[in-house]
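The values are calculated or read from the model by the stated rules, or taken from the named source; none is laboratory data. Since this is a predicted model, take the numbers as computed values, not measurements. Cβ: placed from backbone, ideal geometry, glycine included. Neighbour counts: every protein chain shown.
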Amino acid sequence: MRDVIQSVIDSCDVDKTTLSGNKCLVLVGCAVYLDGCSGIITFTENEIELKTKKGKVFIKGEKMYLKQITKQDIIVKGKINSVTVE
Amino acid sequence: MFYYKVKIEGLNLDRFITNCVKNGIILKNVRKKDRKTLIVSLNYTNLKKLFAKVDTKCYNITLLKKGLIPLFRENIIKRCGIFAGLTLGIIAVLFLSQIYWRVDINCDNTLIIQNMSNQLIDAGISPGVKISNVNLDELEVLLLNNNPELASVSLHREGVVLKVDVYEALPKDEKQYNLYSSANAIITKIVVINGQQMVNEGDIVKKGDLLVQASSDGKKAVAVIFGKVYITADEEFNKYTYNVENTGEEIEFINLEFAGFTFGKKKEITFKEYEQVVTEGYITKFLLPVKYKKTLIKESEINIVENVFSDYEDIIKQNAYDKAFSLYDSGKIIDTWYNIKERGDIITVTAVLEIEKIISED
């Protein structure tokens, strides 16, 4: 899964950003993939606050849920409105 | 299909998720229903890890839905006795179907059956022997060699039963020492030197009928028996001949064909009988080659000429005789005659050769 997403990040022209050294792929309005997530601080349908080694990541949206969460990465699905870093 | 759907109720569910992740549990489709309720999907291995590694005392965990495969796995474990029994049964059936459970010997003679049974046991063939260890062809040859008095032995497998069909040979003495008719004939003369005469002069016999039986002392029947044998052959002839005569004018039509289209006058044949002469070719006068077809129609009439059989009768009879003679092999030709039959236009001439010859054979 990681490799697949990595290859997607490397090849596609979608909005790709490096958030505080963490690889992050945002498919606007659809899903967020974050590599290097070390925990969840807040988790609701409209707001998710994630802990990474170098800070916090805020995801705002509607009807969000965690498609998959492992030690290394996390995939958030739902209507994504914004992704911000603190 | 592969995942369990689990409902987790309790406080501080975010920490619960973090704990799970830290313990290497992969969670899927994590949805928060309300502040205290979480719905999670996870496979069997991760479910086991959840109960083993994460402190679940503070949470109320309910299994909502089982995946098909986990359900199947659980059912197998629950009913392992039945599955084991079934598997053992199948293995047993497979194993037992590889063995001959019965050997059937079919023969009218009980002595032969007993003898054959003993020979099969000596050859290692008895109920319980493995099917793959028995070569039926080799066994057939062995049994025939051991029993030269038998006509044939046939072995075949029907499921787990080995069938042995034994055919006894007819007593050689009886068959070889009698005399039989070699053809369908009327007996004309009998000279018996040894044996019991079974037919009389004037009797009609068929091929293979017993003529003289060997005497009971075992001596061969010796006799010369003559019989009348008839050889027939047919020759067919059409008694009518046809003459075609031109009776009217000759009419000529020319059709031209170009690029699939035909130009020219259509033929309308109104004659009763006619003869057509068609010639085809290409006209090169035109810029493009045009195919032409010339049809010449000759008005004619067919006259039937009857009673020509008498003109050809001798030739037809000779042909029929030659055909019959080609079937003749031995003996003396006593008489020859011809049967003539009429059916419609066809006349059939049958040549009959009456032959006297020796018909007795071993």
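The set of residues from segment A:41-62 being at the interface with another protein chain (Cβ under 9 Å from one of its Cβ atoms) and of a type in the set (D, E, K, R) comprises A:Glu45, A:Glu49, A:Lys51.
Against the condition touching a residue at least 24 places away in the same chain (Cβ under 8 Å), touching a Lys or Arg at 6+ places or on another chain (Cβ under 8 Å), of a type outside the set (S, T, N, Q) and closer than 30 Å to B:Tyr3 by Cβ, how does B:Val54 come out, does it pass? For B:Val54, the condition - touching a residue at least 24 places away in the same chain (Cβ under 8 Å), touching a Lys or Arg at 6+ places or on another chain (Cβ under 8 Å), of a type outside the set (S, T, N, Q) and closer than 30 Å to B:Tyr3 by Cβ - is not met. I need the full set of residues from segment B:1-38 which are closer than 13 Å to A:Leu66 by Cβ and in a helix (DSSP H, G or I), in order please. Matches in segment B:1-38: B:Leu13, B:Asp14, B:Phe16, B:Ile17, B:Thr18, B:Cys20, B:Val21. Looking across segment B:223-250 at every residue that is β-branched (Val, Ile, Thr) and surrounded by fewer than 16 Cβ atoms within 10 Å (Cβ to Cβ), the one that is farthest from B:Tyr328 (Cα to Cα) is identified as B:Thr247.
Yes or no, residue by residue, for (1) farther than 30 Å from B:Cys20 by Cα; (2) under 35 Å from the mean Cα position of the chain (by Cα); (3) not assigned by TED's automatic domain parsing to the domain that holds B:Val161:
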residue: B:Val54; (1), (2), (3): no, no, yes
residue: B:Thr62; (1), (2), (3): no, no, yes
residue: B:Ile82; (1), (2), (3): yes, no, yes
residue: B:Pro127; (1), (2), (3): yes, yes, no
residue: B:Ser132; (1), (2), (3): yes, yes, no
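Consider segment B:39-80 and keep the residues that are assigned to a strand (DSSP E or B) and at pLDDT below 85. The one that is farthest from the other protein chains (Cβ to nearest Cβ) is B:Leu63.
Considering each of A:Ser38, A:Ser82 in turn, give the residue that is hydroxyl-bearing (Ser, Thr, Tyr), assigned to a strand (DSSP E or B) and more than 13 Å from chain B (Cβ to nearest Cβ).
Values: A:Ser38 fails: more than 13 Å from chain B (Cβ to nearest Cβ).
None of the other options fit; the residue is A:Ser82.
The residues of segment B:5-38 that are farther than 12 Å from A:Phe43 by Cα, of a type in the set (Val, Ile, Thr) and more than 9 Å from chain A (Cβ to nearest Cβ), listed by number, are B:Val6, B:Ile8. Screening B:Asp104 on (1) at pLDDT 85 or above; (2) assigned to a helix (DSSP H, G or I) shows it passes everything except condition (2).
For every residue, the table says whether it meets (1) loosely packed, with under 11 Cβ neighbours inside 10 Å; (2) touching an Asp or Glu at 6+ places or on another chain (Cβ under 9 Å).
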site: B:Ser41; (1), (2): no, no
site: B:Lys66; (1), (2): no, yes
site: B:Arg79; (1), (2): no, no
site: B:Val93; (1), (2): yes, no
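Across segment A:41-79, the number of residues qualifying as out of contact with any Asp or Glu (no Cβ under 7 Å at 6 or more places or on another chain), assigned to a strand (DSSP E or B) and among the hydroxyl-bearing types (Ser, Thr, Tyr) comes to 2. Of all residues in segment B:74-91, those that are more than 21 Å from B:Lys48 (Cα to Cα) have Cβ atoms under 8 Å from Cβ atoms of residues that are assigned to a helix (DSSP H, G or I), 6 or more apart or on another chain, in B:Phe83/B:Ile76.
Taking segment B:203-242, which residues are among the aromatic types (Phe, Trp, Tyr) and closer than 30 Å to B:Asn303 by Cβ? Give the derivation first.
In the first step, residues of segment B:203-242 are kept if they are among the aromatic types (Phe, Trp, Tyr); the result is B:226, B:230, B:237, B:240, B:242.
Those that are among the aromatic types (Phe, Trp, Tyr) and closer than 30 Å to B:Asn303 by Cβ: B:Phe237, B:Tyr240, B:Tyr242.
In segment A:61-78, the residue that is nearest to A:Glu45 (Cα to Cα) out of those that are among the basic types (Lys, Arg) and either free of Cβ contacts under 8 Å to residues at least 12 places away in the same chain or surrounded by 15 or more Cβ atoms within 10 Å (Cβ to Cβ) (or both) is A:Lys77.
Please go through segment B:327-349 and give me each residue that is closer than 11 Å to B:Ile231 by Cβ and either in contact (Cβ under 8 Å) with a residue 60 or more places away in the chain or surrounded by 12 or more Cβ atoms within 10 Å (Cβ to Cβ) (or both), ordered by number. Listed by number, the residues that qualify are B:Leu327, B:Tyr328, B:Gly331, B:Ile333, B:Thr336.
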